[in-house]
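Take a look at the structure below.
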Amino acid sequence: MMVLHHCMSARSFRALWMLEELGVPYELRMLEFPPRARARHFLQENPLGTVPLFTDGDVRMTESAAICQYLATRFNGAGLAVSTEDESYGAYLNWLHMSDATLTFPQTIVLRYRHFEPHERRQPEVAADYEKWFLGRLRAVDAALEHEAFLCAGRFTAADVAVGYALLLAQHLELHTSFSSRVQSYWDLLQQRRGYRRAHEIQLDSARQQSVSLTAAPDLRPFPAGVPSV
Ligand SMILES: N[C@@H](CCC(=O)N[C@@H](CS)C(=O)NCC(=O)O)C(=O)O
C-alpha cells in the first residue's frame, strides 16, 4: 500500500492531487503543521520533519515534484506522464522542477517573513521582493499558455499538478490578485478538475477522522511561541 504523510494544503498536496487524479488506492496520514514541533513522532520516519513523505514498498520519497513524476510514470496508463520519446519531454521535466525550485521557493520566503515570523522578526521588504520574484517567474507560465490550455504535451500532465500547487499556495498568500488573466483562467480550469476537488475533500475528511486541525499549513498565523521557524 502506498502511504502519504501530509499536512493540510502543504506541498504534499501535489502528491495527494496526483493520487486522486490516478484513482489508485493509498493511505493518507495527516499531521499537524509543523510536524517537527507538533507531531514529533514523525521525525523517526523523516528526520527532516517535512511533508510530503511518500512510501511505496521500499521506495521512500520526500520531494513533491519528484513524487508527481514517479506516480505519473508508475501509472503510465493514466496519461499523466510524458515519455522520453515525446518532443515535450524536456519541457515536462523543466516544469516539474520549476514548480518547486522557482515557483514555490520565493513564496516560502513571503510566507515566513510576512506571516509566520513573530512581528519583531518580520521583514516586509524581503517579503515584497520575493513576491515580485514569484510574480516575475510566473511570466513563464503565462507565455506557455498563450496558445495552449496546459503547460506541455498538449494535454493535462503531472507538470500541471506540480505547477498548479504553486498557484494554490499563491492563492493562500493572496498573491493571486496579481495573476495575469491567462494564468487566472488556467488556474480556474485546474480547480475544476475532479482530482483536485477530491484531494481537497479527502484532506478535510481525513483531518477530521484523524483529529488533526482543519486549518491549512500556510494558515497565515505566526508559529506559536517556542516553535523555531526554521
Ligand atoms: N522541496 C520539498 C519541500 C518540502 C517542505 O519543506 N515541506 C514543508 C511544507 S510545504 C514542510 O514540511 N515544512 C515543515 C518544516 O519546515 O518544519 C518539496 O517540494 O516537497
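Assessment of the stretch 86-94 against the conditions (buried (at least 16 other Cβ atoms within 10 Å of the Cβ), modelled with pLDDT of 95 or more, out of contact with any strand residue (DSSP E or B) (no Cβ under 9 Å at 6 or more places or on another chain) and part of a loop (DSSP other than H, G, I, E, B)) yields no matching residue. Can you tell me how many residues within the stretch 30-45 are in contact with a Phe, Trp or Tyr (Cβ under 9 Å, 6 or more places away or on another chain) and at pLDDT below 95? Total satisfying the criteria: 5. Quick check on ALA81: is it more than 10 Å from the ligand (Cβ to nearest atom), over 15 Å from HIS6 (Cα atoms) and in contact with a Cys (Cβ under 9 Å, 6 or more places away or on another chain)? Answer is no for this residue. Among the residues of the stretch 152-186, those identified as over 17 Å from GLY136 (Cα atoms), more than 16 Å from the chain's Cα centre (by Cα) and not hydroxyl-bearing (Ser, Thr, Tyr) are CYS152, ALA153, GLY154, ARG155, PHE156. Entry remark, the stretch 153-172: residues being more than 21 Å from PHE13 (Cα to Cα) and buried (at least 16 other Cβ atoms within 10 Å of the Cβ) number 1 in total. Residues in the stretch 95-106 that are surrounded by fewer than 20 Cβ atoms within 10 Å (Cβ to Cβ) and of a type outside the set (A, V, I, L, M): HIS97, THR102, PHE105. Residue pairs whose Cβ atoms lie under 6 Å apart, separated by 6 or more positions or on different chains, with the first residue in the stretch 40-52 and assigned to a helix (DSSP H, G or I) and the second within 10 Å of the ligand (Cβ to nearest atom), are PHE42/LEU31; PHE42/PRO35; LEU43/GLY49. Selection of the stretch 107-149 for residues being hydrophobic (A, V, I, L, M, F, W, C) and surrounded by 18 or more Cβ atoms within 10 Å (Cβ to Cβ) yields VAL110, LEU111, PHE116, ALA127, PHE134, LEU138, VAL141, ALA144. Taking the listed residues LEU53, LEU43, the one that is surrounded by 17 or more Cβ atoms within 10 Å (Cβ to Cβ) and more than 13 Å from ALA162 (Cα to Cα) is LEU53, with no other qualifying.
Check whether at least one residue in the stretch 33-42 is more than 8 Å from the ligand (Cβ to nearest atom), of a type outside the set (Phe, Trp, Tyr), more than 21 Å from ARG112 (Cβ to Cβ) and under 14 Å from the mean Cα position of the chain (by Cα), and report yes or no. The answer is no, given that none of the residues of the stretch 33-42 is more than 8 Å from the ligand (Cβ to nearest atom), of a type outside the set (Phe, Trp, Tyr), more than 21 Å from ARG112 (Cβ to Cβ) and under 14 Å from the mean Cα position of the chain (by Cα). State yes or no: is ARG74 among the basic types (Lys, Arg), within 14 Å of the ligand (Cβ to nearest atom) and in contact with an Asp or Glu (Cβ under 9 Å, 6 or more places away or on another chain)? It is false that ARG74 is among the basic types (Lys, Arg), within 14 Å of the ligand (Cβ to nearest atom) and in contact with an Asp or Glu (Cβ under 9 Å, 6 or more places away or on another chain). Out of the stretch 1-32, which residues are out of contact with any strand residue (DSSP E or B) (no Cβ under 9 Å at 6 or more places or on another chain) and within 9 Å of the ligand (Cβ to nearest atom)? Within the stretch 1-32, SER9, ALA10, ARG11, ARG14 qualify.
Of the residues making up the stretch 1-24, those that are touching a Leu at 6+ places or on another chain (Cβ under 8 Å) and assigned to a helix (DSSP H, G or I) are PHE13, ALA15, LEU16, MET18, LEU19, GLU21, LEU22.
The values are calculated or read from the model by the stated rules, or taken from the named source; none is laboratory data. If you're wondering where the values come from, they're calculated on a predicted model, not measured in any experiment. Reconstructed Cβ throughout: ideal geometry from the backbone, glycine too, with neighbour counts over all protein chains shown.
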